[in-house]
Amino acid sequence: MAHKIIRNKADLAINGAPPAFEQPLHVGRPNIGDRDAFLQRVNQILDSQWLTNNGPMVQEFEQRIATHLGVKHCVAMCNGTIALEIAIRALGLGGEVIVPSWTFVATAHALYWQGITPVFADIDPTTHNLDPEAVRRMITPRTTGIIGVHLWGRAAPIDELQAIADEHGLKLMFDAAHAFGSTYKGQTIGRFGACEVLSFHATKSFNTFEGGAVVTNNDELAEAVRLMRNFGFHGYDNVIHPGTNGKMIELCAAMGLTNLDALDDVIAINMRNHAAYAEAFADTPGISVLKYDPTERNSHHYVVLEIGEGCVSTRDQIISSLQAENILARKYFWPGCHRMKPYRDLFPHADLVLGETSALAARIIVLPTGAALDSDQVSIISAVIRIVAGAGT
């Protein structure tokens, strides 16, 4: 990919220079493993003529994911949102369920789509995850559950949320869309709460093109989830449970198996990129790079900047400068679920109890990383930000 070196402010595209990159650098560009190995699996699928309906690739994929995470059950799905919806229904949630607003909107939509009210609780500004005390404040007689989100792959306050759930007789599950392979106190995420939901979307560090899964150690729950993803069928012509079509197809499982073999290499690249970004901004006033606990595993898939006091440019000015260079950084999860429809109409005064969420939403930038990004590109992205932030190259 052709690019130019950014040395000073005059080199920036916002000042009339050509952009640094001819082709856009996206957040979440897909990581793709061994192409030949994938195509071999595709040929196996075509030869077998078993394209969907719990074929051998999906069965192998589920077994390997369960083994990788150390859980009893992995039920693969067509995507993470359907996995959330099925898990919510299988748990029998209703009424109100407490969730963070600081998350991808699918977490809230999966509830609202099923007639359940998502009640937004505030976050801890240090961890970006749910604040347990804020969760306590939002419990009402209509509350049936809590959905914790392991944001950026950093574990939610699992023990504290479980204690709250136990105290109030609530169901607890986790949206682990960011957390494949992450750990909490040395234990792999996937085994906590009643169940955890994974996303294997193309933008994730580990992808199956499109896909998701419910993982759990609960035999009864796993059986219900399996029935619900296939219209409630138990054998031929025998429907014993309400259900929908949430099945993963064989082609997606083939990509998942291929990328699982490449996962360690992808994580190593992510860690290299994250370290390079952290070094580049170590002395840049008003810019901090979100850190990962070195005692826990994490994919390092998200390079998250917080723009604070001391930076001469606003978050949005930095975003605009990056986009002018064809660096498509993102304002995750701007502006927060509570400010998106339909929730901003349902909860017009939510900002009164979501002060930390609203403040964080105004200062976050997520930068490109992944196997498609090389060290020179990381350096150029960093240089653009440092110049706009007044720190030079």
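Odds and ends about this structure:
- In segment 242-346, taking the dipole from charged Cβ atoms about the Cα centre, the farthest positive-side position among G336, Q317, N259 is held by G336.
- Cβ-based net charge around V58, under 9 Å, with every Lys or Arg adding one and every Asp or Glu removing one: -2
- Taken about its Cα centre, segment 35-258 carries a charge dipole of roughly 220 debye when the Cβ of each Lys and Arg holds +1 and the Cβ of each Asp and Glu holds -1.
- Note on R226, R29: ascending count of other Cβ atoms within 10 Å places them as R29, R226, the fewest first.
- Look at where the Cα atoms of segment 99-147 and of segment 262-303 average out, and the two centres are 27 Å apart.
- For segment 169-201 versus segment 21-69, the inter-centroid distance based on Cα atoms is 22 Å.
- The Rg/Rh ratio of segment 35-258, with Rg taken over Cα atoms and Rh as the Kirkwood radius over Cα pairs, comes to 0.98.
- Filter on K204/K291; K4/K204; K171/K331; K185/K331; K4/K291; K72/K331 - keep pairs with C-alpha separation over 25 Å: K4/K204; K171/K331; K185/K331; K4/K291; K72/K331
- Relative contact order (%) - the chain, alpha-carbon pairs under 8 angstrom, separation at least six: 23
- Take every DSSP beta bridge whose two residues both sit in segment 35-258; close to 50 percent of them are antiparallel.
- Neighbour counts of C-beta atoms inside 10 Å place L346, L130 in the sequence L346, L130, starting with the fewest.
- Tail fraction, Cα-Cα pairs, the chain, threshold 30 Å, whole percent: 43
- Placing +1 on the Cβ of every Lys and Arg and -1 on the Cβ of every Asp and Glu, with no other charges, gives segment 337-393 a dipole of roughly 180 debye about its Cα centre.
- Most tightly packed first, judged by the mean number of other beta-carbon atoms within 10 Å of their residues, the peptides 205-217, 302-314 read 205-217, 302-314.
- Debye equation applied to the C-alpha atoms of segment 252-393, log10 I(q)/I(0) at 0.15 Å⁻¹: -0.85
- For the chain, size of Cβ-based charge dipole, Lys and Arg +1, Asp and Glu -1, in debye: 600
- Summing +1 for each Lys or Arg and -1 for each Asp or Glu among the other residues whose beta-carbon sits under 12 angstrom from that of V42 gives -1.
Values in this text are rule-based calculations from the coordinates and carry no lab data. Given the structure is predicted, the values throughout are model-derived calculations rather than measurements. Ideal geometry is used to build each Cβ from the backbone, glycine not excepted, and the neighbour counts take in all protein chains shown.
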